[in-house]
Amino acid sequence: MEDLTIILRQHPFLRGLSDEHMQTLIGCATNVRFAENSRLINEGELANKFFLIRSGRVALETEVSGRGGIRIQTVGPGEVLGWSWLISPYRWHFSGVAVMDTRTIALDAECLRNKCETDAHFGYEMLKRLASVMERRLEATRLQLLDMYGITSSGVMP
Amino acid sequence: MKDELANRSLPMSDAMMTYPVTIRKVIWENDDTFTLTLDMNGTLGEFSFLPGQFNMLYVYGIGEAAISISSDPSRTGTLDHTIHRVGTVTTALSQKKRGDVIGVRGPYGSSWPLDVAQKRDVCVITGGIGLAPLRPVIYSLLKKRDEYGRIIILYGGRSPLDLLYRVELERWEDAKNVEVLVTVDRGDSSWKGHIGVVTSLLSYIKLDSRNTIAYVCGPEIMMKYTIDELERRGLPLDRVYLSMERNMKCAVGFCGHCQYGPTFICKDGPVFPLPRIRPLLDRKEL
Amino acid sequence: MVIIGFTHFDELLSALRKRDYTVIGPVARDGAIALDVILSASDLPKGCHDEQQPGSYFLRHEEDEAIFGYVVGPQSWKKYLYPPRLKLFSAKREGKGFEIVSDSATPSPKYAFLGVRPCEIGAIKINDSVFDGGQYSDARYVSTRKDACVIAVNCTRPAGNCFCVSMNTGPRATHAFDLALTEICENGTHHFVVDVGSELGQSILEDVTHRQAEKNEIERALDLLSTSAAGMCKSLETEGLPQLLNDNYEHPEWDDVAKRCLACANCTMVCPTCFCSTVDDITDLTGDHAERWRRWDSCFTSDFTKIAGGNIRMSTRTRYRQWMMHKLAHWHDQFGTSGCVGCGRCITWCPVGIDITHEAQHIRETSISTINS
């Protein structure tokens, strides 16, 4: 348990979290490794976990008929995977595939949700951190949507 | 500076005069981007340029396009230009073969300042064809590797197949104390690298905000987001340089097309210290 | 100062021709004052007086003998200093390549510009800074300009859209001329009070019958010029103008002016300082010969800012804003002066009478500070 606290403290998502909240959180945490090509989450399934990525890389995939799995984004060290655990109906919208050996801290979703409900301060702390991740992720997605390298170019071009 | 440049460049008796040169090699980098290697030996005398500068390439009877020089500045005799096929002139250029002749005049514009990077870390952040005008910088940094700190190259492309200079990216990664992170907007299941916008790569590197120079080149929107991210990471904005793009007809400040507020991209740029154009970046349709 | 009588005016033209100058000056043509080759004083528009209003120009003929009784027409000296169309080079196909067979070195004639108004001297000084003031020089401009003789004519009457006093360029020429004339045509007198501005001017004068001016003749000329200055119909408040426009980049007036502006580019064509150009590449039918031409362009045209990713300035609103901000704000950053000399041409020749002085004044009166720059 001592080790896990140290690991958790090092993760950017939990930077600056109070000791009290860390204690609340640690009861829901387990250390999980994923081998290359294994799946962390599956599109449509119950979102019963939330991952803090320690090392490696996870690709978010969605299945498109006729095109197979399309990779939308990757998340890596210091980032988090998934927010469907917090938002009803708690189902994954994407699949998550480890593209290389990946180490994570898995947080049990139900455990975490219950603690958020009973401890509003803790809940708000989690929500703030997650909202910030979502905001950055949304911003990045907007940029990706622009397909900015599609026709435009830069430097000095014709 | 004027005389110094004139000595090293093509004869400038007439600012708009082009000089015929032979294409020595054509390399297709991806479906719509290719690199022309031009033979600069012959009647032109010695041609030299600074990283970030560009030439006007002329196709006989078709017209001219402003193209950054993308080869190693210390290499003599030939010049590379990596060109995105998008308009009439670049399409005509794409049809040229080894042995064909095109016109060249230049080099024009400002360059990436390497002196400010001495003893500091350098972070090159680029997207799409924006890597082309930065390649001469990377060559120059690697040539004098010991004069600089860490070298970080962050590069974003549309898809794995769209990435430029793939062989060289791997070679650079192997160089001493160089980190190369590549990301694409769309990957498939064979792509093991990063997927996402180039700014997201910044979260995977340790940026020494007190001691880093950043060179940024890519679509304007990408550069804007990159600047925001660098600012969030605490990098002083006077250590950020970027390269801008506008329509260019003359490249010498006479035609007016490339005006960007108070600046002419062709002669004041294309490379600017960020503070000089920061207020302009948020102006719509400037 | 000296006096040249009207009857000796042709001697001035002879003196210029003797020095191999092609004399260019005002002629009345198609209901307006144009610029063309002048062979004798009789080519000059006698008794012509222009009436200018926003979007309106009218040339009135009277019985007087004045040959400079009007102000500026739609053309300016840029027509000669950097022609509307200029061949940059010809090339011919050679095997897999091409060869340049001629370039733009073909010299222009040695021009004497006759009837250059003080505001136009201001414009030529600005042209100099554009084409010969920086890292690069336009070789043809430089040689044409260097060889040109400037015979200025001071304005004893402003036209309806003049505001040279605001822009500090007129109505009296103070520098950058060889000779400057003030035409006096009243009460049976018809002569020119002449300022000499250079050694060339002095030497030309020596070939023309003249006499020392009397004190009262000089006073009369100065009197007419100060009356002219006082009688300017328009003014442009220049104090803090660049900052004002920069602060009002998103002012609603840009939308309003866009509703009226036709984006016809007239203002840029008639403006004596607008210098934008583009290039045309042409070949003959066989493809064996190619030419590259430079021609005037305008920031109002739809593809002016076209780049690989699209078009930067997509609306009339942003094109008008670019034109006016370039003229009155960015020009200061680029060339150290305003780009406007107060000649009023853009107001006169605008088909819908958009008035740059009104636009600037309106923004001043309703300024919003949106952007700090």
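Quick note: the coordinates plus some simple rules give every number you see, no bench work behind them. Bear in mind that the values here come from a model prediction, so they are computed numbers and not experimental data. So basically every Cβ, Gly included, is an ideal-geometry build from the backbone, and we count neighbours across all protein chains shown.
Using the Cβ-Cβ distance between B:THR76 and B:LEU142 with R0 set to 22 Å, the FRET efficiency works out to roughly 0.80. Cross-link pairs exceeding 29 Å in C-alpha to C-alpha distance, out of B:LYS249/C:LYS146; C:LYS87/C:LYS259; B:LYS25/C:LYS87; C:LYS146/C:LYS215; B:LYS284/C:LYS125; C:LYS87/C:LYS306, comprise C:LYS87/C:LYS259; B:LYS25/C:LYS87; C:LYS146/C:LYS215; B:LYS284/C:LYS125. For the stretch C:171-210, the square roots a ≥ b ≥ c of the C-alpha gyration tensor eigenvalues yield an a/c of 1.5 or more together with a/b not exceeding b/c, which makes the shape oblate. For chain C, the Cβ-based charge dipole about the Cα centre amounts to some 940 debye (Lys, Arg positive; Asp, Glu negative; other atoms uncharged). Projecting the Cα atoms of A:LEU40, B:ALA251, C:ALA263 onto the dipole axis of the protein assembly as shown, where Lys and Arg carry +1 and Asp and Glu carry -1 at the beta carbon, places A:LEU40 farthest toward the positive end. Normalising the Debye intensity of the protein assembly as shown to I(0), with uniform scatterers on Cα atoms only, and taking log10 at q = 0.05, 0.10, 0.11 Å⁻¹ returns -0.37, -1.08, -1.21. What does the C-alpha gyration tensor say about the overall shape of the stretch B:20-166? Classify as rounded when a/c is under 1.5, otherwise prolate if a/b is larger than b/c, or oblate. Here the stretch B:20-166 falls in the oblate category.
Expected output is a single nm value to one decimal: the length gained when fully extending between A:ASP19 and A:GLU135, i.e. 0.36 nm times separation in residues minus the C-alpha distance. What is it? Working shown, then result.
Numbers: separation 116, 0.36 × 116 = 41.76 nm, distance 2.61 nm.
Full extension from A:ASP19 to A:GLU135 adds 39.2 nm.
Axis angle, to the nearest 10 degrees, between helix B:220-232 and the longest C-alpha principal axis of chain B: 30 degrees.
Ordered by packing density, taken as the mean number of other Cβ atoms within 10 Å over each peptide's residues, highest first, how do C:108-120, C:302-314 rank?
On the way: C:108-120: 23.7, C:302-314: 17.3.
So the peptides C:108-120, C:302-314, ranked by packing, come out C:108-120, C:302-314.
Here the 3J(HN,Hα) profile of the stretch A:76-93, calculated from phi with Karplus coefficients 6.51, -1.76 and 1.60 at θ = phi - 60°, is x, x, x, 9, 10, 10, x, 10, 4, 4, 9, 10, 4, x, 6, 10, 6, 8 Hz, Gly and Pro shown as x.
Only Lys, Arg, Asp and Glu count, each charged at its Cβ (+1, +1, -1, -1), so figure out the dipole size of the stretch A:2-145 about its Cα centre, rounded to 20 debye. Working shown, then result.
Details: 18 positive and 18 negative charges, 92 e Å.
The dipole of the stretch A:2-145 has a size of about 440 debye.
Rounded to the nearest 20 debye, the dipole size of the protein assembly as shown about its Cα centre is 2040 debye, using +1 on the Cβ of Lys and Arg and -1 on the Cβ of Asp and Glu. Within the listed set C:GLN361, C:GLN334, C:GLN135, the residue fluctuating most in the Gaussian network model of chain C (springs between alpha-carbon atoms under 10 angstrom) is C:GLN135.
Please list, by residue number, everything in the stretch C:217-236 whose backbone N is under 19 Å from a paramagnetic label point 7 Å out along Cα→Cβ of C:GLU186. Under cut-off, by backbone N: C:217-233.
Would you kindly state how much longer the chain becomes between C:GLU237 and C:ALA34 on full extension, computed as 0.36 nm times their sequence separation minus their alpha carbon distance, in nm to one decimal? It would help to have the intermediate numbers written out before the result.
Numbers: separation 203, 0.36 × 203 = 73.08 nm, distance 2.99 nm.
The span from C:GLU237 to C:ALA34 would gain 70.1 nm if fully extended.
Shown is the FRET efficiency for C:SER367 and C:ASP255, computed with R0 = 22 Å from the Cβ-Cβ distance and rounded to the nearest 0.05: 0.90.
Mean per-residue shielding of peptide C:208-218 is 0, counting Cβ atoms of other chains within 10 Å of each Cβ.
Size descriptors for the stretch C:158-295, from the alpha-carbon set: Rg then Dmax equal 23.1, 70 Å. Residue by residue along C:245-252, Cβ atoms of other protein chains within 10 Å of the local Cβ number 2 on average.
Quick one: Debye curve from the alpha-carbon atoms of the stretch B:115-243 only, equal weights, vacuum; give me log10 I(q)/I(0) at q = 0.10, 0.11, 0.14 Å⁻¹ to two decimals. The Cα Debye sum returns log10 ratios of -0.28, -0.34, -0.55.
Cross-link reach is defined here as a Cα-Cα straight distance under 25 Å, omitting same-chain residues fewer than 8 places apart; for A:LYS128 the lysines meeting it are A:LYS49, A:LYS115, B:LYS206.
How large is the helix-only mean residue ellipticity at 222 nm for chain C, computed as the sum of -39500 (n - 2.57) over DSSP H runs with n ≥ 4, divided by its residue count, in deg cm²/dmol to the nearest 500?
Numbers: 14 runs with 114 residues, N = 373.
About -8500 deg cm²/dmol.
A crude spin-label estimate for the pair B:ARG232 and C:THR174, with each label 7 Å from Cα along the Cβ direction, gives 5.5 nm.
By the rule of a C-alpha distance below 16 Å, with chain neighbours fewer than 8 residues away ignored, the aspartates and glutamates paired with C:LYS79 are C:ASP36, C:GLU120, C:ASP128, C:ASP138, C:ASP147, C:ASP297. By the beta-carbon count within 10 Å of each Cβ, the least crowded to most crowded order of B:VAL198, C:VAL101, A:VAL64, fewest first, is A:VAL64, C:VAL101, B:VAL198. Taken along the Cα-to-beta-carbon direction at a fixed 7 Å, the label points for C:LEU222 and C:ASP207 span 3.2 nm. Semi-axes of the equivalent ellipsoid for chain A, computed as √(5λ) from the eigenvalues of its C-alpha gyration tensor and ordered from largest down, come to 30, 18, 16 Å. Site pair B:ILE27 and A:LEU127 shows an inter-label distance of 5.5 nm when each label is modelled 7 Å from Cα along Cα→Cβ. Using the Cβ-Cβ distance between B:LYS192 and C:SER129 with R0 = 56 Å, the FRET efficiency computed as 1/(1 + (r/R0)^6) comes to roughly 0.50.
Farthest towards the positive end of the charge dipole of the protein assembly as shown, among the residues A:THR104, C:HIS362, C:SER76, is the Cα of A:THR104, using unit charges on the Cβ of Lys, Arg, Asp and Glu.
Would you calculate, for chain A, the mean residue ellipticity at 222 nm contributed by helices, counting each DSSP H stretch of 4 or more residues as -39,500 (n - 2.57) and dividing by all residues, to the nearest 500? If you can, show how the numbers build up before the last one.
Working: 4 runs with 53 residues, N = 158.
Only helices count here, giving -10500 deg cm²/dmol.
In plain terms, the residue of C:HIS330, C:HIS289 with the fewest other Cβ atoms within 10 Å comes first and the most crowded comes last, giving C:HIS289, C:HIS330. Across peptide C:329-335, the mean count of Cβ atoms from other chains lying within 10 Å of each residue's own Cβ comes to 3. Listed by Cβ neighbour count within 10 Å, with the fewest neighbours leading, C:ARG321, B:ARG166, C:ARG157 appear as B:ARG166, C:ARG157, C:ARG321. Helices that extend 27 Å or more along their long axis by alpha-carbon positions and average at least -0.5 on the Kyte-Doolittle scale are, among the DSSP H runs of chain A, A:120-145.
Counting each DSSP H run of 4 or more residues in chain B as -39500 (n - 2.57), what helix-only mean residue ellipticity at 222 nm follows after dividing by all residues, to the nearest 500 deg cm²/dmol?
Numbers: 6 runs with 57 residues, N = 286.
The helix contribution divided over chain B gives -5500 deg cm²/dmol.
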